Amino acid sequence: MRAYFKIEFLQFMSNKKNIAIYVILLFFSCYYALKTAPEYDPIEKVDEYEIEARYLTREEFLNNVVINNWTHPLTVFAATIYPQWNEYDKKRLDAIRQHNMKEYAESTSKWYSYADEMTLKNGYLYYNPRYYTYENTYATWDGHYAYLYSASRYEGYTEGESDLSINVFEERTALQTLQRLLHSYLPLILIVSCMFFTVDVVLKDRRNTTLLQGLPLSDWRKLLVKGGVSLLGSLLAIIPLSVGLFIIGARNGLGDFELPVPIYLASEKLFSNITIGQYVMQNLLFIVFWFLFFISLILLVSIVIKNEFANLLVGSVFVIAEFMYYARGIGAIRDVHWYPTSYIQTGQIIAGYRNFLYSTDALTFGTGLFVIGLCVCVFLFIMFLISRRRKFRLF
């Protein structure tokens with residue numbers, strides 16, 4: 001079995017299609033690091049001039065406003081809430097100018113908590129204007145989520161021992177870039193790569209059926225070996241993708257694994273922090289489960305239909321299936337947590353963002369592993385039954 005694994009792995013690594021996939025991943029990794037990452041423009045960023053302009057405007061208002069019985073209620077309201085807001089902004093400005101990053105993080109955490117509290121319960125205030133672009137119907141709730149996220153993140157900076165900098169605050173370091181990519185489309189890229197790696201792992205052997213049928217292994221064991229090779233090859237896709245992270249690290253710093261990642265607790269409507277190290281490891285485990293899901297699915301389709309296009313078609317359906325039923329708030333009326341495709345955005349599941357979008361608290365890391373693992377067991381069991389039939393031929 002070990003010898004057969006070695007043969008399969010050598011064939012896998014010499015396959016021109018697989019080599020092309022690794023090269024494409026390397027190209028996009030370098031392109032992202034050199035072109036896209038430097039242009040990253042976070043909505044919540046460190047901008048001394050913006051803070052100063054906001055502070056001076058409010059301070060001018062407070063120094064000149066006159067409150068009496070004829071003062072408009074909104075003016076009274078502004079005069080009531082601005083002093084606390086300006087206190088936080090003054091501390092933030094002083095901290096930036098003195099390069100006191102701990103003090104800046106502490107004041108900024110309080111600023112976001114206070115700003116969210118004032119904005120959410122009063123209809124006269126708004127979050128950052130960039131949340132209201134493209135006719136976003138849910139702009140207020142997106143701003144609410146982002147402000148609480150930022151408050152939790154900055155609080156984590158004050159509690160940790162990490163070296164703080166502007167790049168850390170704006171999540172530009174290599175590890176924080178990895179965190180943002182895992183929260184975005186990196187899991188999909190890895191899953192699609194796994195699908196392409198696996199699509200011909202069985203059907204390619206039709207060119208050498210006589211030779212391979214003479215191997216002293218059952219068809220079931222051959223399928224397990226092929227699945228193992230596909231899994232290893234899919235994990236190796238991390239190598240070309242990591243090149244871009246090293247380039248980003250050379251420019252903006254690597255960051256460290258103790259930096260905080262806010263996790264949204266839907267049931268309590270608040271955030272708690274875990275470390276980037278924990279976040280990355282949970283994502284890696286989640287993605288490995290997805291690799292097993294697609295490998296077992298495509299192996300099953302390969303032995304039933306025996307057509308590469310069918311493999312791609314079935315795999316693609318599972319990749320895009322969530323887009324067919326996704327709608328914000330649908331988790332309140334449908335049990336989407338039992339659909340394996342609801343967990344394809346692994347980073348958003350772990351961070352709790354998918355719960356926020358679906359208005360549920362059921363899309364969790366543990367439930368996701370259970371649902372996907374159960375599907376893998378079903379696929380493998382069906383594959384085992386088919387491979388044990390006397391009339392079955394692998395190639």
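Residues checked against (1) assigned by TED's automatic domain parsing to the domain that holds L259; (2) more than 19 Å from L188 (Cα to Cα); (3) of a type in the set (A, V, I, L, M); (4) touching a strand residue (DSSP E or B) at 6+ places or on another chain (Cβ under 7 Å):
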| site | (1), (2), (3), (4) |
| --- | --- |
| Y326 | yes, no, no, no |
| I330 | yes, yes, yes, no |
| D335 | yes, yes, no, no |
| Y343 | yes, no, no, no |
| V376 | yes, no, yes, no |
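Which members of region 341-363 meet the condition of being of a type outside the set (D, E, K, R), in contact with a Gly (Cβ under 9 Å, 6 or more places away or on another chain) and assigned to a helix (DSSP H, G or I)?
Passing the criteria: S342, Y343, T346, I349, I350, Y353, N355, L357, Y358.
Taking the conditions exactly as written (of a type in the set (S, T, Y) and at pLDDT 90 or above), does S267 satisfy them or not?
no
Can you tell which of Y132, Y157 is out of contact with any strand residue (DSSP E or B) (no Cβ under 7 Å at 6 or more places or on another chain) and either outside the structural domain of S242 (by TED's automatic domain parsing) or without any contact (Cβ under 8 Å) to a residue 60 or more places away in the chain (or both)?
Matching residue, one of Y132, Y157: Y132.
Starting from region 39-60, take each residue that is at pLDDT below 90 and list its partners that are open to solvent by 60 Å² or more (accessible area, probe 1.4 Å) and in a loop (DSSP other than H, G, I, E, B), counting only C-beta distances under 9 angstrom and pairs at least six apart or across chains.
none
Does A310 count as within 30 Å of A139 (Cβ to Cβ) and not assigned by TED's automatic domain parsing to the domain that holds T140?
Judged against the criteria, A310 is not a match.
Looking for whichever is assigned by TED's automatic domain parsing to the domain that holds F196, among the small types (G, A, S) and part of a helix (DSSP H, G or I) here; the options are A53, A78, A20, A95. Which one fits?
Step by step, each of A53, A78, A20, A95 is checked, and only A20 is assigned by TED's automatic domain parsing to the domain that holds F196, among the small types (G, A, S) and part of a helix (DSSP H, G or I).
Checking the condition basic (K, R), under 27 Å from M281 (Cβ atoms), crowded, with 17+ Cβ neighbours inside 10 Å and under 27 Å from the mean Cα position of the chain (by Cα), which residue from R180, R153 passes?
Exactly one of R180, R153 is basic (K, R), under 27 Å from M281 (Cβ atoms), crowded, with 17+ Cβ neighbours inside 10 Å and under 27 Å from the mean Cα position of the chain (by Cα), namely R153.
Surrounded by 11 or more Cβ atoms within 10 Å (Cβ to Cβ) and over 30 Å from L241 (Cβ atoms): does that describe E8?
No; evaluated as a whole, the condition is false for this residue.
Out of all the residues in region 238-284, which are part of a helix (DSSP H, G or I) and of a type in the set (K, R)?
R251
Kindly provide the set of residues from region 314-336 that are part of a helix (DSSP H, G or I) and open to solvent by 30 Å² or more (accessible area, probe 1.4 Å), ordered by number.
Scanning region 314-336 gives V314, S316, V317, F318, I320, F323, M324, Y325, A332.
For N136, all conditions in the list (1) surrounded by 15 or more Cβ atoms within 10 Å (Cβ to Cβ); (2) under 20 Å from L357 (Cβ atoms); (3) at pLDDT below 90; (4) not hydroxyl-bearing (S, T, Y) hold save one; what is the number of the exception?
(1)
Here is a check on your reading of the model: is I274 modelled with pLDDT of 90 or more, open to solvent by 20 Å² or more (accessible area, probe 1.4 Å), over 26 Å from G143 (Cα atoms) and not polar (S, T, N, Q)?
When the stated conditions are applied, I274 does not pass them.
Please enumerate the residues belonging to region 103-128 that are open to solvent by 10 Å² or more (accessible area, probe 1.4 Å) and outside any helix (DSSP H, G or I).
Listed by number, the residues that qualify are N122, G123, Y124, L125, Y126, N128.
Quick check on F309: is it open to solvent by 30 Å² or more (accessible area, probe 1.4 Å) and in a helix (DSSP H, G or I)?
yes
Please enumerate the residues belonging to region 364-395 that are part of a loop (DSSP other than H, G, I, E, B) and either at pLDDT 95 or above or of a type in the set (K, R) (or both).
Listed by number, the residues that qualify are R388, R389, R390, K391, R393.
The values are calculated or read from the model by the stated rules, or taken from the named source; none is laboratory data. Values in this document were obtained by computation on a predicted structure and should not be read as measured data. For neighbour counting, all protein chains shown are included, and Cβ atoms are generated from backbone atoms with ideal geometry for every residue, glycine included. SASA here: full protein model, heavy atoms, side chains in, ligands and nucleic acids out. Shrake-Rupley method; radii C 1.70, N 1.55, O 1.52, S 1.80 Å.
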